[in-house]
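Presented below is the structure to which this report refers.
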Amino acid sequence: MAVRVQMDLGTRVVEFSLPAETDILRMSGWGPPLEDPAAAISRALSYPVAAPPLAELARSRVSANPAATACVVISDNTRPVPYKGEPGILWPVLEVLLGQGFAADRITVLIATGTHRAVLPEELREMLDARVFSSGVRIVNHDCRDTGSLSYLGTTRLGSELYVNRLYLEADLKVLTGLVESHFMAGASGGRKAIVPGLVGERSTQVFHGPAMLASPGARDLQLEGNPCHEESLQGARMAGADFIVNVTLDGLFQLTGVYAGDLEKAHALAVEQVRERVAIPLQAPYDIVVIHAGRVGINHYQAAKAGVAGASAARRGGFLVIAGHHTDTDPVGSAPYRTVLHLLKIIGPERFDRLLASPDWTFVHDQWEPQMWSKVLARVPPGHLYYCATGLSRRDYDVIPGRDGNVFLPAGERYGNDPALIEGMVLGAVSEAWRRLRKDAAVSEGAVRDGAVRDGAVSRPRIAYLADGPYGVPVTRGGPL
């Protein structure tokens with residue numbers, strides 16, 4: 001008997017069957033949504049973690065300097081931070097600042113775009129509470145390539161030349177906002193990441209997103225201690241300074257589950273601990289075949305790397321990984337530099353690719369960090385064992401994507417379409433082929449199997465897992481993520 005599963009792909013939920021032997025792996029839960037988000041936000045601003053209330057901080061700055069300026073940092077539209085409606089965290093912050101004497105024209109809402117493009121005016125209207133626009137505060141996109149808008153702070157321990165947005169540095173009151181969730185490089189998002197990489201110059205990302213940093217085994221989901229990516233970000237944030245943070249956690253429907261305000265490090269650490277308890281998926285042993293979806297974040301192949309890393313961490317070395325996604329972005333693969341470096345990875349393979357990135361002859365390329373994360377996936381799951389099953393991609397797109405094209409399992413007339421219903425045929429075809437390949441390789445004799453795996457790497461009855469939460473759940477063993 002088959003087992004029915006669902007994939008929440010954002011704009012569509014796809015339901016279909018997997019083999020009865022499939023283990024459905026879920027995280028413990030997001031935590032219940034807050035019954036009164038507005039009250040929880042107000043309470044967090046008034047009773048923060050290891051910091052004075054925001055109103056007290058604002059009042060002290062204006063008392064010391066009636067012409068004081070404030071900078072409130074927000075995420076761009078690639079992050080689902082609630083900035084409008086009842087769970088919106090931006091207007092309550094601005095309301096406090098205005099109420100304590102900050103002039104509207106001396107408050108800047110600064111969008112931490114990092115290396116992303118600017119958020120367009122129409123996108124801002126979708127993101128932010130209407131009261132933000134009517135209040136008269138200034139809204140500015142950070143531009144990592146505008147060197148004139150940056151100030152040099154010094155060099156970090158790991159060698160980053162730290163250039164940070166000048167508007168932020170010169171503000172008398174600095175407030176950071178953001179979302180805390182698991183992050184496959186920095187351990188967790190939120191907190192210090194609003195500054196590094198959110199507000200730094202493009203040049204400053206070359207170490208933070210460089211090959212040596214991301215090659216570290218500590219640069220992984222849910223790990224802060226011993227994670228060089230986290231440590232670099234935190235050092236940069238300390239150098240730039242932050243007076244107050246307002247971070248949130250969300251559930252799978254983007255409902256508010258927690259508000260963590262106050263000290264940059266202590267409030268963030270509390271949020272990370274809550275996330276760790278909710279999203280970790282304990283494993284007894286890795287699986288032969290893992291199926292995962294890219295979730296709502298998987299608008300393109302670039303973003304689907306998160307699913308690749310999560311899925312590969314549940315697979316045994318040499319096992320099979322099936323990734324499903326519904327790509328709706330204007331470029332369903334990613335930027336031109338990403339596409340180029342990704343194609344290079346496909347051509348030369350993960351081992352040579354990693355050596356090339358580490359070579360002194362390699363020139364740092366924008367977006368190279370995401371192909372490097374795919375290289376981590378392919379180091380565990382060989383390219384021939386990775387099945388990529390996504391809609392919204394053309395035949396030529398698949399030419400640059402590592403792994404096997406899931407469209408080959410569809411009738412010729414249905415391949416490379418945009419309908420998420422096509423994902424079922426791709427995934428079932430991929431799982432069936434992986435199963436057959438495992439059984440064919442096994443040639444199992446009685447007693448040859450130990451813990452589900454044959455001594456030569458094959459299996460008698462493949463162990464199959466479906467990661468129901470997609471990239472949001474993090475498979476872990478007792479020692480941490482695999």
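The values are calculated or read from the model by the stated rules, or taken from the named source; none is laboratory data. Note that the coordinates shown come from a computational prediction; the quantities given were computed from them, not determined experimentally. Methodologically, a virtual Cβ is constructed for each residue, glycine included, from the backbone with ideal geometry; neighbour enumeration extends over all protein chains shown.
Details
- The stretch 269-319, subset within 20 Å of residue 431 (Cα to Cα) and in contact with a Lys or Arg (Cβ under 7 Å, 6 or more places away or on another chain), residue surrounded by the fewest Cβ atoms within 10 Å (Cβ to Cβ): 317
- Single residue of 140, 175, 132 found to be out of contact with any Asp or Glu (no Cβ under 8 Å at 6 or more places or on another chain) and surrounded by 21 or more Cβ atoms within 10 Å (Cβ to Cβ): 132
- Hey, residue 55 more than 23 Å from residue 192 (Cβ to Cβ), among the hydrophobic types (A, V, I, L, M, F, W, C), surrounded by fewer than 17 Cβ atoms within 10 Å (Cβ to Cβ) and assigned by TED's automatic domain parsing to the domain that holds residue 189 or not: yes
- Among (1) in contact with a strand residue (DSSP E or B) (Cβ under 7 Å, 6 or more places away or on another chain); (2) of a type in the set (A, V, I, L, M); (3) free of Cβ contacts under 8 Å to residues at least 40 places away in the same chain, the one test that residue 57 misses: (3)
- Looking across the stretch 79-123, the residues that are in contact (Cβ under 8 Å) with a residue 40 or more places away in the chain and of a type in the set (A, V, I, L, M, F, W, C) come down to 81, 89, 90, 91, 93, 94, 96, 97, 102, 110, 112, 119.
- From the list 244, 208, the one residue that fits, being touching a strand residue (DSSP E or B) at 6+ places or on another chain (Cβ under 7 Å) and farther than 28 Å from residue 8 by Cβ, is 244.
- Beta carbons closer than 7 Å, at least 6 apart along the sequence or on distinct chains, pair a first residue in the stretch 1-25 that is within 11 Å of residue 468 (Cβ to Cβ) with a second that is of a type in the set (D, E, K, R) and in a loop (DSSP other than H, G, I, E, B) for 8/296.
- Scanning the stretch 185-216 for residues that are on the phi < 0 side of the Ramachandran plot, of a type outside the set (A, V, I, L, M, F, W, C) and assigned to a loop (DSSP other than H, G, I, E, B) returns 189, 197, 198, 201, 209, 210, 216.
- Only one of the listed residues (428, 393) is touching a Phe, Trp or Tyr at 6+ places or on another chain (Cβ under 8 Å), within 17 Å of residue 326 (Cα to Cα) and buried (at least 21 other Cβ atoms within 10 Å of the Cβ). That residue is 393.
- Complete set of residues in the stretch 234-256 that are of a type in the set (Phe, Trp, Tyr) and either farther than 27 Å from residue 219 by Cβ or touching a Ser or Thr at 6+ places or on another chain (Cβ under 6 Å) (or both): 244
- Every residue from the stretch 178-192 that is in contact with a helix residue (DSSP H, G or I) (Cβ under 7 Å, 6 or more places away or on another chain) and either of a type in the set (Gly, Ala, Ser) or at pLDDT 95 or above (or both): 178, 180, 182, 186, 187, 188, 190, 191, 192
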